[in-house]
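First the structure, which I've put down as structure tokens, then a few questions once you've had a look.
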Amino acid sequence: MSNDNLQIRRIAIDTYHENVAYMHRECGIYRAEGFQALSKILVSANGSKVLAVLNVVDDSSIVLPEELGLSEQAFQQLNIAEGSLVTVNHAEAPKSMDAVRRKINGERLSQDDFNSITNDIAETRYSKMEMAAFLVATGQNNLDRDELFFLTRAMLQSGDTMNWHESLVVDKHCIGGIPGNRTSMLVVPIVAAHGMLIPKTSSRAITSPAGTADTMEVLAEVNLSPDQLHDIVRQERGCLAWGGTAKLAPVDDMLISVERPLGIDSQGQMVASILSKKLAAGSTHLIIDIPVGPTAKVRHMNQALALRKLFEFVGDRLNIHLEVMITDGRQPVGRGIGPVLEARDIMQVLRNDPDAPFDLRQKSLQLAGRIIEFDPDVRGGQGYAIARDILESGRAGAKMNALIQAQGPKPIDLHPGSLCYEVVADRDGIVTSIDNFQMAKIAGLAGAPKIKKAGVDLFKKLGSPVEKGETLYCIYAEFPTDFKFATELANQNNGYMIGSEEQIIKSLIAF
């Protein structure tokens, strides 16, 4: 292999959780070493190394034959000055791909296998294609419960772990699939105002129109360093931050970067993702919210009970006190779907606004109440009343304002996008069902979560009487193409069924 050097050039491209290198086709090393586009290369300089996927360039304005370009992420990881000399060699194929191929063939993997896979992913030895192969191999029901435990433990060990030096560190997580379900942004200020430690780190949306981090970002900074996170939680007893910058279970974020564009969100990966992140954040006590409904992720009670057993099995072996709440997932929670609209709903609840969405308020109080009952000084059954008093007294609103100030306030504009389309009822009757998946898809096509002001604003919920021509919801967008795609989908299928009262889908949940 040649030891010829190339000069590093910073290429201002965000390649999102993938290291990418750019080499000119006329580069001597490219010709001598037989590199190919999309092959993996090892870039080395002064003891610093980075693995990257190679892209071949024909345009000298991007990179010259004597240069090696690095994407933003790869350049930051290599951490040397632009113009420095580097050596480039072929990278060895990740040895753990043998385990992935065995899993594709239906074999059972060991703890060592999962450790090797997550280590190679963390070391950026996997391309996104190889990560996709791993996700597909372990997707759906292809992991038994022991393998799921092995994967969770391996993901947990892939990054840093926070230790708060307290015996009670609480958190909650919803498995997703219900648009508008931003209960965490109400639970955290309520629980923190009670005095319990709740360091809430969240992923961004995977397949939904908004995640907690996407919505909190409307109000405050969520990209916090580990030191910032630690200081804020110590000061305020809580936070609402994105977990990616804290280097907590980083393999999870790398896998999510592949899951998102593929629309993959398998049960096993979901359990491993949630528990590895919560344990890395130092949680000792956790509430898991599993919504059940005909268009939720979990559609039948027997599925919910099986998933609860999985969470409890892995949680017990990893020594976290875990309780599962099975909740009503028949329709979106709140009115807004999309970051700005959801943030508006949150602030209405915190301000005790009479127009605040009742279902979002009630569900958040139920969840916060259960967490408060982890407090040994609170008797069972008292949590809901304590949570309600904290909210109604204004203490939760004050705590949220304190969190916003501590994390770094954003200029708050809760007005939705400038393009608006009203979806109307085609007949008189009662709203008998709302399709969660379709509403999320419409909001996503409108631009959410990337476009904060995009989304859907619901005017009618289950059981609402409607007249023909009355508005069911509004679609908001900022860009004409997004607007066109979202409105076309809504015109094909608006996600609402209108009929008679006896046709309303009954809840399986007694809340």
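Among the listed pairs K200/K399; K103/K172; K410/K453; K399/K453, which are separated by more than 21 Å between their Cα atoms?
Over 21 Å apart, Cα to Cα: K103/K172; K399/K453.
Next up: All other residues with a Cβ under 10 Å from the Cβ of H90 taken together, and with Lys, Arg as +1 and Asp, Glu as -1, what is their net charge?
Summing Lys/Arg as +1 and Asp/Glu as -1 gives -1.
Once you sort the root eigenvalues of the Cα gyration tensor of the range 369-474 as a ≥ b ≥ c, which label holds: rounded (a/c under 1.5), prolate (a/b larger than b/c) or oblate (the other case)?
Verdict is oblate for the range 369-474.
Averaged across orientations, what area in nm² does the convex hull of the alpha carbons in the range 233-350 project?
Mean orientational projected area (the range 233-350, Cα hull): 8.8 nm².
For D4 and S44, what does the FRET efficiency come to when R0 = 22 Å and r is the distance between their Cβ atoms, rounded to the nearest 0.05?
Computed FRET efficiency for D4 and S44 comes out at 0.95.
Would you mind classifying the range 5-70 by shape? Square roots of the alpha carbon gyration tensor eigenvalues, ordered a ≥ b ≥ c; an a/c under 1.5 is rounded, otherwise it is prolate if a/b is larger than b/c and oblate if not.
rounded
Enumerate the amide H contacts of L197 below 5 Å, restricted to partners 5 or more residues apart or on another chain; note that Pro and chain-start residues carry no placed amide H.
Result for L197 returns V170.
Right, something else. Filter the GluC sites (Glu not before Pro) in the range 429-511 to those in DSSP coil with at most 12 other Cβ atoms within 10 Å of their Cβ, and list the result.
Passing sites in the range 429-511 are E467.
What does the highest-first list of 11-22, 429-440, 31-42 look like by mean Cβ count within 10 Å?
429-440, 11-22, 31-42
Taking other Cβ within 10 Å of each residue's Cβ, how do D252, D98, D289 sort, fewest first?
In increasing order of surrounding Cβ atoms, one gets D98, D289, D252.
For the chain, just say rounded, prolate or oblate: build the C-alpha gyration tensor, square-root its eigenvalues into a ≥ b ≥ c, call rounded for a/c under 1.5, and beyond that prolate if a/b exceeds b/c, oblate if not.
prolate
If neighbour count is taken as other Cβ atoms inside 10 Å, put I206, I337 in order from fewest to most.
If I rank by nearby Cβ atoms, fewest first, I get I206, I337.
Report the antiparallel proportion of the DSSP beta bridges in the chain as a percent, rounded to a multiple of 5.
55
Also, I was wondering about something else. Evaluate the distance, in nm, between pseudo-label points positioned 7 Å from the Cα of D426 and of I504 along their respective Cα→Cβ axes.
Once both label points are built, they end up 2.3 nm from each other.
Assigning unit charges at the beta carbon (Lys, Arg +1; Asp, Glu -1) and nothing else, what dipole magnitude in debye, to the nearest 20, does the range 419-503 show about its Cα centre?
Charge dipole, the range 419-503, about its Cα centre: 400 debye, nearest 20.
What is the extension gain from A385 to K450, computed as 0.36 nm multiplied by their sequence separation minus the C-alpha to C-alpha distance, in nm to one decimal?
Going from the current span to full extension adds 19.7 nm.
Every number here is computed from the coordinates shown, using simple stated rules; none is lab data. The structure presented is a predicted model; accordingly, all values stated were derived computationally and were not measured. Please note: Cβ atoms are built from the backbone with ideal geometry, for glycine as well, and neighbour counts cover all protein chains shown.
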